[in-house]
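Peer 1: Please find one structure pasted underneath; my questions will follow.
The values are calculated or read from the model by the stated rules, or taken from the named source; none is laboratory data. Everything quoted here is computed from the prediction, not taken from an experiment. Quick reminder, even Gly has a Cβ in these numbers, built from the backbone with ideal geometry, and neighbours come from all protein chains shown. Quick note on the areas: whole protein, heavy atoms, side chains included, nothing else; ligands and nucleic acids left out. Shrake-Rupley method; radii C 1.70, N 1.55, O 1.52, S 1.80 Å.
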Amino acid sequence: MPIYSFSQIQKYLSCPLSYKFRYIDKIVPEFEENLHLILWTEVHSALEWLYNQVNNFKIPKLEELEAVFVEKFDEKAKKLENEDEEKKEFLHRWKYYLQSFYKKHYPFDDIKVIWTEIKLLIDLDEKIKFQWFIDRLDKKWEDFILTDYKTNKNLPPEDKTYYEEQLTLYALWVKQKYWKYLKKVYWNLEYLHFELQDFWEITDENIEKVRQKYIDIVYEIEQKKAEYNLWNEQAFPTNETSNCRFCDYKDICPLFSQIFWKVNYKDLWEDTIKAIVDDYVKLSKQKSEIEKQLKQNKEILEEFVKENKLEQIYWNEHSIKVSKLVNYKILDKEKLKKFLEEKNLLDQVLELDRFKLKKLLEGTELNLGTGLCQRQETLVFRGK
Ligand code: SF4
């Protein structure tokens, strides 16, 4: 089984198709440096350097810390085409985060640093491995603390569950490696923009819950991969959300690829597909208006027919034949089932539920080669 990571799982959960593009088709988007990334990287590098100094019993001055990295920041930013003013803003943010962090934690003597920026390999079970980096692992008396720095300007709890789950699984690694020395494990999320710290104990109960959740997701992905390889091209469907705006695969995604076609759209489609699309949307709107009108008319006619006990209505050149379609609404399903069972009638009314059957067959290979049912696809158009 491949080694998983949080970003892989996140990709799958946000859109299975983009997961397939990235991790099955192995289409790696072109990497583009930007100011957000430089800010994030350079904050992490500076704090890693700071704690490595602390771990060597040296407490660098704030100016030293800034001096080491300000040049690096400038050097990277110089290669970007952003306005100078914008670059200055990011540099200002970078300095501000370091200054406030430094002042808050100085003289850094309340913890012992175990690791900074370490790559973890976590065993979720005997088959599944997860890999990731943690920003810092400290020891405070007999407790271990996992720290993660956040530079985003959106305040928690926006992505909090994700962060919490990440750190909870890292705690599993800490427990697997350091069980001999520790009493409790805590997570510490440092939101640098807000000068805010989120600090919790990670209990065995938390770990087990999150571990199980991620095991289930990994097995679901593996199952989808097997389906995809054997018979189901749709095993990784699209999921249109606001995140599509930032997706690297829009040009090959069936929801958006047409926008990227390099044909003379005007000449080729003006009188054909484009006109049909417009027409389709127009007719769909008319259809729902007509349906609404028909429903209202039917309600009036129903009352008229009932009141006058009629089976046919004549007016002008049209007439309407009225017939009754009898149906029974089930009020108590269980009791009704029992009643029919007692009367030996249940078999006569048992019917396969098409929706439940679809759900059952979609997740398995039961629809292959049994000759009992056939997968049929109908395209459904919805005007937008
Ligand atoms: S554009 Fe949206 S739906 Fe298409 S692959 Fe990307 S995230 Fe998925």
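Peer 1: If the Cβ limit is 6 Å and pairs must be 6+ apart or interchain, which residue in segment 228-244 that is under 14 Å from I24 (Cα atoms) pairs with which residue that is charged (D, E, K, R) and more than 9 Å from the ligand (Cβ to nearest atom)?
Peer 2: Once the first residue is under 14 Å from I24 (Cα atoms) and sits in segment 228-244, its partners that are charged (D, E, K, R) and more than 9 Å from the ligand (Cβ to nearest atom) give A235/K224; A235/E227.
Peer 1: Taking the stated definitions as given, is K76 at pLDDT 85 or above and open to solvent by less than 60 Å² (accessible area, probe 1.4 Å)?
Peer 2: Values: at pLDDT 85 or above: yes; open to solvent by less than 60 Å² (accessible area, probe 1.4 Å): yes.
Considered against the rule, which asks whether it is at pLDDT 85 or above and open to solvent by less than 60 Å² (accessible area, probe 1.4 Å), K76 comes out as yes.
Peer 1: Give all pairs with beta carbons closer than 8 Å in which a residue from segment 13-24 that is closer than 13 Å to D248 by Cα meets a residue that is among the polar types (S, T, N, Q) and near the ligand (Cβ under 9 Å from one of its atoms); count only pairs at least 6 apart in sequence or on separate chains.
Peer 2: C15/T238; C15/N239; C15/T241; C15/N243; L17/T238; L17/N239
Peer 1: Let me ask something else about it. What tally of residues in segment 300-316 results from selecting those that are part of a helix (DSSP H, G or I) and open to solvent by less than 100 Å² (accessible area, probe 1.4 Å)? Break it down stepwise before answering.
Peer 2: Step one: list which residues in segment 300-316 are part of a helix (DSSP H, G or I), which gives 300-308.
If we keep only those that are open to solvent by less than 100 Å² (accessible area, probe 1.4 Å) too, we end up with 301-302, 304-305, 308.
Within segment 300-316, residues that are part of a helix (DSSP H, G or I) and open to solvent by less than 100 Å² (accessible area, probe 1.4 Å) number 5.
Peer 1: Working only within segment 225-265, note down all residues that are in a loop (DSSP other than H, G, I, E, B), within 13 Å of the ligand (Cβ to nearest atom) and open to solvent by less than 70 Å² (accessible area, probe 1.4 Å).
Peer 2: Correct list: F236, P237, T238, N239, T241, C247, Y249, C253, F256.
Peer 1: Kindly provide the set of residues from segment 170-195 that are free of Cβ contacts under 8 Å to residues at least 12 places away in the same chain and exposed (fewer than 13 other Cβ atoms within 10 Å of the Cβ), ordered by number.
Peer 2: Within segment 170-195, W179, K180 meet the criteria.
Peer 1: For segment 207-224, enumerate the residues that are touching a residue at least 40 places away in the same chain (Cβ under 8 Å), more than 15 Å from the ligand (Cβ to nearest atom) and open to solvent by less than 70 Å² (accessible area, probe 1.4 Å).
Peer 2: Residues satisfying the conditions are V210, R211, Y214, I215, I217, V218, I221, E222.
Peer 1: Here's another thing I want to ask about it. Residues of segment 138-169 being basic (K, R), open to solvent by 50 Å² or more (accessible area, probe 1.4 Å) and under 20 Å from T41 (Cα atoms), which ones? Write out each step before concluding.
Peer 2: Step one: filter segment 138-169 for residues basic (K, R), giving 139-140, 150, 153, 160.
Now narrow it down to the ones that are open to solvent by 50 Å² or more (accessible area, probe 1.4 Å): 139-140, 153.
K153 - this is the single residue of segment 138-169 that is basic (K, R), open to solvent by 50 Å² or more (accessible area, probe 1.4 Å) and under 20 Å from T41 (Cα atoms).
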